[in-house]
Amino acid sequence: MQVPNFIIMLGNRRNLIFRVSIVFNIAVFLYAAVHYSGNSPQGVEWVPITSDGSERAAELRYLKEDVRNDTVLKLIEPSARIFGEFTSQKVVPSTMSTVKQKEKRPSTTADVDKKISAVPSEANIINETLEAYDENVLSDSTLTLLRALLGCNDKDFIPETMQRGEFWVLKNYVRANHGAISCHESITYTTHGGFEFLDNLLPLIERWMAPVSLAIHAPGSDMLPTVNSIRYLRDCTSSDLVMQYATFHIFFSNKHIPSNIPDPEIFLKTPYNCTDKPPYVVNSSTTYKQQKNLLYPINVGRNIARSAALTHFVLPSDIELYPSPDLAAKFLNMIARNEPPLSTSTNPRVFPLSLFEVDKNYVAPWTKTELQSMLKNKTAIPFHKYVCPTCHNIPNGKEWMAAPEAKYMGVFHVGKRIGKQSHWEPIFIGTNEEPYYDERLSWEGKQDKMTQGYILCVKDYDFMILNNAFLVHKPGIKYYKKNVKRDKIGSKQSSYVRNVILPELKKLFGVKHGCVL
């Protein structure tokens, strides 16, 4: 009896399916064996140190899996980070300037398959050599490493009205158009000031080119020129950099609440009249703050701006201090390279920057090489050389100024806040895990960062001074001028720090030989 053809074909198909299933099961078995055999490439050695010295070893145990999964996702999704629109403000899809754009969204399934097949191995991703690359940008693989290394959490980017002691805070009052960003992909320059200092914002951003979190003190009638200054900077400057990068927060005492608080939902929809002069160009004696003889709550502003930052790393600084260009990308590439002493130090650490002033007739230098030339011809000097040289005298400062500009960003020297540096007030890149600034201290009272410095010393922080990074004050060299009124306030604040705050710090953080206020 002859077997029908369709039965023979059915049997052949079943045999084929059976064989394919065997091959598939063997492949799954081999994959599981390799994955759990313990012979996979080593992960990144450097473990971020928190302010209490603890390690995230358990989280880094999953580094290789995170890197692999994130890489596959990056190849399927667009490389560009597209940010959603807010209803209250116009937000354009954009990417941070520090992110190197390599590819567009694949347009077909074949393109996706081709890109997935080209995913580099774990060893290539994690042990990627960074011998020759552009440190002014961040590659996708570097961002993936940073995401796994830092283990930080992304933050919401929404407006909030909140209280901070006696102050009301309008957090994220006017938001940058970059929208929500991931905590690992950039650094935020956090700063503060009254509206009369906003002429510094654009030159600062032109060099920083990354997120800026700015807290503006706007008591009473200073609120209106503050809002108009924000509008002018966003609408009337020669570029859209302020609109792209700057987020503004407003704060004022509950004793000096403005009579009218304009709604950003409304005023951002109306372009500012750019024929008028900048609202921040005023005589400071005409401000509400000066007329009411108010002290400037400098540390309140510092803490508001810092705590509102979306990124893991922050650079808390003053608005008149301009950073060396491309600092954010260079610093993050350094973190990703994980070279000693980053990979060997077990202490909590921050990354101080060298500070300088330049003659009022000169432009702030853009590179260390240019800075060295200006130091040589005396058109640049160490910061506050003629005001308070010990306040900003970094460890090995002379050696730093003499050392040639390095090829890549790195740690020049690891210092401590003791000995000759016991009264040092460093400005540094750190995180929000570092001690905050004491909000009872005013700018007029001077030495407003000393209490933070004491805590860092007692907690045995390493001060990893960066080789090529620096800050330059707005052009114009400062000289000491006697100010009887401010000296009186300073004497009173110094007494308060010594008799009230220092005993508190000793109880809370302890004492350590060499650590002083």
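Descriptive notes on the structure:
- The residues in the stretch 287-301 that are crowded, with 19+ Cβ neighbours inside 10 Å and touching a Ser or Thr at 6+ places or on another chain (Cβ under 7 Å) can be counted, and the count is 3.
- Top-ranked residue of the stretch 364-380 - restricted to ones that are part of a helix (DSSP H, G or I) and more than 23 Å from the chain's Cα centre (by Cα), ranked as surrounded by the most Cβ atoms within 10 Å (Cβ to Cβ): LEU371
- Residue within the stretch 197-213 that is part of a strand (DSSP E or B), buried (at least 19 other Cβ atoms within 10 Å of the Cβ) and not hydroxyl-bearing (Ser, Thr, Tyr) present: yes
- All conditions in (1) surrounded by 14 or more Cβ atoms within 10 Å (Cβ to Cβ); (2) at pLDDT below 95; (3) among the charged types (D, E, K, R) hold for ASP359, with the sole exception of (2).
- Looking only at residues in the stretch 214-249 that are among the polar types (S, T, N, Q), assigned to a helix (DSSP H, G or I) and free of Cβ contacts under 8 Å to residues at least 60 places away in the same chain, the one that is nearest to TYR272 (Cα to Cα) is ASN228.
- MET401 satisfies every condition listed in (1) of a type in the set (A, V, I, L, M, F, W, C); (2) more than 23 Å from the chain's Cα centre (by Cα); (3) surrounded by 18 or more Cβ atoms within 10 Å (Cβ to Cβ); (4) over 15 Å from LEU471 (Cα atoms) except (4).
- Enumeration of residues in the stretch 244-278 that are within 27 Å of PHE167 (Cβ to Cβ) and of a type in the set (A, V, I, L, M, F, W, C): ALA246, PHE248, ILE250, PHE251, PHE252, ILE257, ILE261, ILE266, PHE267, LEU268
- Residue within the stretch 336-344 that is in contact with a helix residue (DSSP H, G or I) (Cβ under 9 Å, 6 or more places away or on another chain) and within 16 Å of ILE465 (Cβ to Cβ) present: yes
- Selected residue (criterion: surrounded by the fewest Cβ atoms within 10 Å (Cβ to Cβ)) from residues of the stretch 308-322 that are in a loop (DSSP other than H, G, I, E, B) and of a type outside the set (A, V, I, L, M, F, W, C): GLU320
- Subset tally (residues that are crowded, with 18+ Cβ neighbours inside 10 Å, among the aliphatic types (A, V, I, L, M) and free of Cβ contacts under 8 Å to residues at least 60 places away in the same chain) for the stretch 452-486: 2
- Residue satisfying all of: in the stretch 452-487; touching a Leu at 6+ places or on another chain (Cβ under 7 Å) and assigned to a helix (DSSP H, G or I); farthest from ARG417 (Cα to Cα) among these: ILE455
- Verdict on GLU425 being of a type in the set (Asp, Glu), in the same structural domain as LEU502 (by TED's automatic domain parsing) and touching a Cys at 6+ places or on another chain (Cβ under 8 Å): yes
- Whichever residue in the stretch 488-517 is out of contact with any Gly (no Cβ under 8 Å at 6 or more places or on another chain), of a type in the set (A, V, I, L, M) and in a helix (DSSP H, G or I) and, among such residues, is nearest to LEU456 (Cα to Cα): LEU505
- Residue count for the stretch 151-186 satisfying the condition of being touching a Leu at 6+ places or on another chain (Cβ under 9 Å), in a strand (DSSP E or B) and surrounded by fewer than 23 Cβ atoms within 10 Å (Cβ to Cβ): 3.
The values are calculated or read from the model by the stated rules, or taken from the named source; none is laboratory data. On a predicted model such as this, the values are computed, not experimentally measured, just so you know. When we count neighbours, we look across all protein chains shown, and the Cβ atoms used for this are built from the backbone with ideal geometry, even at glycine.
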